[in-house]
Amino acid sequence: MERIRMRRFPNIKDLSKILDLVPLLEVNMEIEIKTQSIYRAGYELIGFFCDGEELETNINVLGRKELNYLEKMDKIQRNEILQKYLSYSFPVLVVTTENEIVQEIIEIAKKYNKPVLKSNNKTIEFIRNAKFYLQKVLATEILIDNCILLDIYGVGILLKGYEDARLGATVELLERGHKFITDTKLKIQNIANRFILGSNTSDKENGDSNFYLFGKDGNDINVTTHFGIKSTKKEKKITLLIELEKWDEKKFYDRLGLDEVYEEFIGFKLPKVTVPVRKGRNLAIIIETAAINYRLKKTGVNSAEYFWKESKKMIEENKENKKRGLVVNDKTSMPVRYIKSRFNLNVLNGEEYLDIKNITTTGVYRPSLALTGYFDISNDEGYKGLQLFTDTEFKYLDSISIDSRDKNLDRYLEDEFPAIIVSGVKNIPDYFLEKIRQNKMILLETKLEKPSYVVATFSAYLENYFAPSISLHGVFVELYGFGVLLTGKSGIGKSETALELIHRGHRLIADDSVKFEKGIVGDITGRASKLPYFMEIRGLGIIDIKALYGVGAVRISKRLDVIIELQELKSEDYLTAMDYQESTETLLGNEISKIKLYISSGRNAAAMVEIAVMNLMAKRMGYNSEEVYLKELKNKQSIENN
């Protein structure tokens, strides 16, 4: 059963609290925010106003560049422009610096009861953080029952259909080490049309964590109690729908994964597999196979020749690079052809320059002030990035004299930027096309028409491409959904420990040289620096984990959650030194939890790593085994004394 869930829109007070904004004019803080878009004012500052979502519903931002421009303006003209600008109905104005102009803005904003907030972050950082928050909180969502959401080999599986088979298969999958999210009150959110997220909401009624598998006749199973904390998860991105149905002898069933079938959930098409149920079929194995098959489609399969050829190269590289330390990210530029191919852009001019001109910054900018003749921003990052032209830009150019238009365009096109992208423009003026050809510029056209979506989509892709990165020596594995980096001196047994963990059902991301990148959201994600899925084991040499153990034993990338350093136990003291709270290591600006494990002959390092990770998971969910033990011990002593 599907139920539409009523959303609570965040208000300005919520935005201020979550993003740590300082109220400069605290009025109308209860106004609700109903859009994910952030607008950085441009043409409005020279008195050119065009009605649209930017000035009606979007959060507006004035950064250092805009405020400096206003500061150089005649006071009377500035007052007229700000009066007009602040009279529009956009919910809130955010500034990222504070000067005398901001005080003028506040005085005018009082007249229109317009709240004014200040961010202590840079303008681009505020916009990024605000968009991430609003994308999640404003996501379209529904509640559904009679479905079970599971995490199988890192794939979010939504299980529906034949109830008896669904419950039986779920129990077996949990016994096999997979994760349970919920089977009732499943909240499904459409996150910015990029993916759908499933969450357990059953705990909100009583304030306790509820992971129950509801059976027939009230025979409910407490998943945490029966299968352990490692078998539960609060939320998961849903990537595959599996529907179980009773076997119909008259119906033809294709093999798993051959047919591309989809089912729509709140505007998002989810791949669907139908599995017929009959006696003798091991549904758990079939569902696992479906999950692995989905992962296989995403990661690809390499041929034996490729493995042998690339493994020989990797052996030579490993001999030269067998040391730990930082490696500078060499992705300092991107040929324009990359983004042309990635977004299927139409080339209107400059095909011959696609491999010559490079993108070196993550921003996508609308020229705004530059087209007005204001060029006192030569050092601004925007003039090194992609430029976006919409109908608004051409309307403005048509509104000024031909002499001013030609002069401003000529000066604007002198700057070194990689390409101009046009969006939602039906007829590009001939004078503009002629100047593009004269200046040997790349002109691209996108099918995306909404400017805010173009900027968000292209910027997110570029942010990921240019993400800061380092490489570390170690083995990166996934345990119970946690990304774990095993480190230690050469010969301590990192690869052997990882190999046993893979035998136990965990997954390898990278061995030897692990490349970590800091993404747009701030998470640090690791992957193999060179060739994925290979390990070097002393006595065996290079082995191919994917070929030996299957695609379910590897993963292309994973967020880093904890670093576990393996150290040799030099004394007879068998107490292991662990520090889950105080010990951290700074990596790309993030504080990462770090645990030290002391190993020696007779001690199972793989088992110790598993226990360390489960203990860390429990602590992050609010359960401290040491505190519980001491409390129980104290209670027992109290009873004995009485």
Before we move on, is residue 232 at negative phi, at pLDDT 60 or above and out of contact with any Phe, Trp or Tyr (no Cβ under 7 Å at 6 or more places or on another chain)? no
Only residues in the stretch 27-42 that are of a type in the set (Asp, Glu) count as the first member; pair them with residues that are open to solvent by 60 Å² or more (accessible area, probe 1.4 Å), Cβ under 8 angstrom, at least 6 apart or cross-chain, and list the lot. 30/13
Considering only the stretch 459-477, I want to know if a residue exists there that is of a type in the set (A, V, I, L, M), under 24 Å from residue 176 (Cβ atoms) and in a loop (DSSP other than H, G, I, E, B). no
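Looking only at the stretch 374-403, count how many residues are in contact with a Gly (Cβ under 7 Å, 6 or more places away or on another chain) and at pLDDT 90 or above. Full working, then the answer.
Looking only at the stretch 374-403, we keep the residues that are in contact with a Gly (Cβ under 7 Å, 6 or more places away or on another chain), and these are 381-382, 385, 390-391.
From what is left, the residues that are at pLDDT 90 or above are 390-391.
Looking only at that region, the number is 2.
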Considering only the stretch 9-17, I want to know if a residue exists there that is open to solvent by less than 40 Å² (accessible area, probe 1.4 Å), touching a Phe, Trp or Tyr at 6+ places or on another chain (Cβ under 6 Å), in contact (Cβ under 8 Å) with a residue 12 or more places away in the chain and in a loop (DSSP other than H, G, I, E, B). no
Which residue, of 399, 404, 471, 368, is of a type in the set (Ser, Thr, Tyr), open to solvent by 10 Å² or more (accessible area, probe 1.4 Å) and free of Cβ contacts under 8 Å to residues at least 40 places away in the same chain? 404
Among the residues of the stretch 82-103, is there at least one that is more than 34 Å from the chain's Cα centre (by Cα), surrounded by 16 or more Cβ atoms within 10 Å (Cβ to Cβ) and either of a type outside the set (A, V, I, L, M, F, W, C) or not in a helix (DSSP H, G or I) (or both)? yes
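Filter the stretch 129-176 for residues that are assigned to a loop (DSSP other than H, G, I, E, B) and under 25 Å from residue 248 (Cα atoms); which is least open to solvent (accessible area, probe 1.4 Å)?
Our first condition is that a residue be assigned to a loop (DSSP other than H, G, I, E, B); within the stretch 129-176, this holds for 138-139, 145-147, 153-154, 162, 176.
This time we only want the ones that are under 25 Å from residue 248 (Cα atoms), so: 146-147, 162.
Working: 146: 95, 147: 14, 162: 75 Å².
Out of the qualifying residues, it is 147.
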If residue 447 satisfies all but one of (1) basic (Lys, Arg); (2) buried (at least 16 other Cβ atoms within 10 Å of the Cβ); (3) touching a residue at least 60 places away in the same chain (Cβ under 8 Å), what's the number of the condition it fails? (2)
Taking the stretch 108-149 on its own, how many of its residues are at pLDDT 85 or above, closer than 30 Å to residue 186 by Cα and basic (Lys, Arg)? 2
Scan the stretch 427-444 and give yes if some residue there is outside any helix (DSSP H, G or I), modelled with pLDDT under 90 and surrounded by 14 or more Cβ atoms within 10 Å (Cβ to Cβ), otherwise no. no
Subset of the stretch 444-472, residues touching a helix residue (DSSP H, G or I) at 6+ places or on another chain (Cβ under 7 Å) and of a type in the set (S, T, N, Q), comes to 446
Considering each residue of the stretch 522-542, count those that are of a type in the set (A, V, I, L, M, F, W, C), surrounded by fewer than 19 Cβ atoms within 10 Å (Cβ to Cβ) and either out of contact with any Asp or Glu (no Cβ under 8 Å at 6 or more places or on another chain) or at pLDDT 75 or above (or both), and give that number. 1
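The values are calculated or read from the model by the stated rules, or taken from the named source; none is laboratory data. Source: prediction; values computed, not measured. We place every Cβ from the backbone using ideal geometry, glycine too, and count neighbours over all the protein chains shown. For accessibility, only protein heavy atoms count, side chains too; no ligands or nucleic acids. Shrake-Rupley method; radii C 1.70, N 1.55, O 1.52, S 1.80 Å.
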